[in-house]
Amino acid sequence: MQIKESQVTKITVTGAEESYGFTLDPISIYLEDYGQGKGKLTVGCWDATWSYYWGAMGDRSLVEFIIGTNNGYLANKLKRDGEKFSELDIEALEDQVRKEIVRDRREGTLGDLEARELWDRFEDMDFEMPFHPECEEVDYLYKVLGTDCLEALPERTSAHGRWLWDILSVVREVLRQRVEAKAA
């Protein structure tokens with residue numbers, strides 16, 4: 001058995017604001033720098049924790065690497081199994097569906113009554129993801145948008161995704177400030 005010790009830096013951030021003006025819960029940042037090009041980041045806020053190990057970051061330190069990336073990259077690396085940062089954009093889907101109904105009506109592929117029925121029916125749909133393949137919402141979307149429509153449904157960043165994005169913005173800003181303070 002081999003035992004190895006490493007230096008872990010813990011930073012706690014309080015009073016940080018998220019993009020909607022609310023104050024985030026305290027954020028814990030754990031940095032395990034294993035030397036040039038290797039390290040692990042763990043971020044915790046409220047009851048959520050995300051962690052990722054990088055075994056190849058070039059000749060940069062962990063902090064330099066994190067500062068040099070972007071929130072999208074970090075979020076995808078830190079993502080836990082099954083964690084989603086996006087959701088179906090119902091407003092954009094409605095716009096897409098309505099435009100398609102109008103287009104089909106103008107081209108004559110939909111009659112007056114059928115177009116009106118499809119138009120009105122959108123309001124009755126319950127577009128909760130994921131869709132069951134045989135649910136009426138999928139049948140409706142196939143009818144209006146075609147059978148390949150589920151591959152390109154419009155999405156937007158979910159509240160959970162925006163929350164993590166705000167946390168990662170704070171993490172990167174705190175690390176940037178630490179580097180600047182040490183350089184001064």
Residue selected from the range 128-145 under the condition surrounded by 10 or more Cβ atoms within 10 Å (Cβ to Cβ) and among the charged types (D, E, K, R), by the criterion modelled with the lowest pLDDT: Glu128
Would you check which residues across the range 103-127 are exposed (fewer than 11 other Cβ atoms within 10 Å of the Cβ) and either within 35 Å of the chain's Cα centre (by Cα) or acidic (Asp, Glu) (or both) and list them? Glu107, Asp112, Asp120, Glu123, Asp124, Asp126
Quick one: count up the residues across the range 104-145 that are within 20 Å of Glu91 (Cβ to Cβ), aliphatic (A, V, I, L, M) and not in a helix (DSSP H, G or I). 2
Asp81 - would you say it is touching a Cys at 6+ places or on another chain (Cβ under 9 Å), closer than 30 Å to Phe22 by Cβ and part of a loop (DSSP other than H, G, I, E, B)? no
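Conditions (1) out of contact with any helix residue (DSSP H, G or I) (no Cβ under 6 Å at 6 or more places or on another chain); (2) closer than 30 Å to Cys45 by Cβ, marked per residue:
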residue: Ala75; (1), (2): no, yes
residue: Gly82; (1), (2): yes, yes
residue: Asp112; (1), (2): yes, no
residue: Arg121; (1), (2): yes, no
residue: Cys149; (1), (2): no, no
residue: Ala152; (1), (2): yes, no
Can you go through Val174, Val179, Val97 and tell me which one is assigned to a helix (DSSP H, G or I), in contact with a Phe, Trp or Tyr (Cβ under 8 Å, 6 or more places away or on another chain) and among the β-branched types (Val, Ile, Thr)? Val97
Restricting to the range 62-91, and then to whatever is of a type in the set (Gly, Ala, Ser) and at pLDDT below 95, can you tell me which residue is nearest to Leu141 (Cα to Cα)? Ser86
Just give me the residues in the range 8-56 being on the phi < 0 side of the Ramachandran plot, in contact with an Asp or Glu (Cβ under 7 Å, 6 or more places away or on another chain) and not small (Gly, Ala, Ser), in sequence order. Val8, Glu18, Thr23, Leu24, Gln36, Lys40, Cys45
Give me the pairs: first residue in the range 151-177 and within 17 Å of Tyr73 (Cα to Cα), second residue of a type in the set (Lys, Arg), beta-carbon distance under 7 Å, and six or more apart or on different chains, which are they? Ser158/Lys84
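Matching residues to (1) more than 26 Å from Leu168 (Cβ to Cβ); (2) within 30 Å of the chain's Cα centre (by Cα); (3) among the hydroxyl-bearing types (Ser, Thr, Tyr):
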position: Gly72; (1), (2), (3): no, yes, no
position: Lys77; (1), (2), (3): no, yes, no
position: Arg80; (1), (2), (3): no, yes, no
position: Ser86; (1), (2), (3): no, yes, yes
position: Ile101; (1), (2), (3): yes, no, no
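The values are calculated or read from the model by the stated rules, or taken from the named source; none is laboratory data. Quantities reported herein were computed from a predicted structural model and do not represent experimental measurements. Note: ideal-geometry Cβ built from the backbone for every residue, glycine included; neighbour counts use all protein chains shown.
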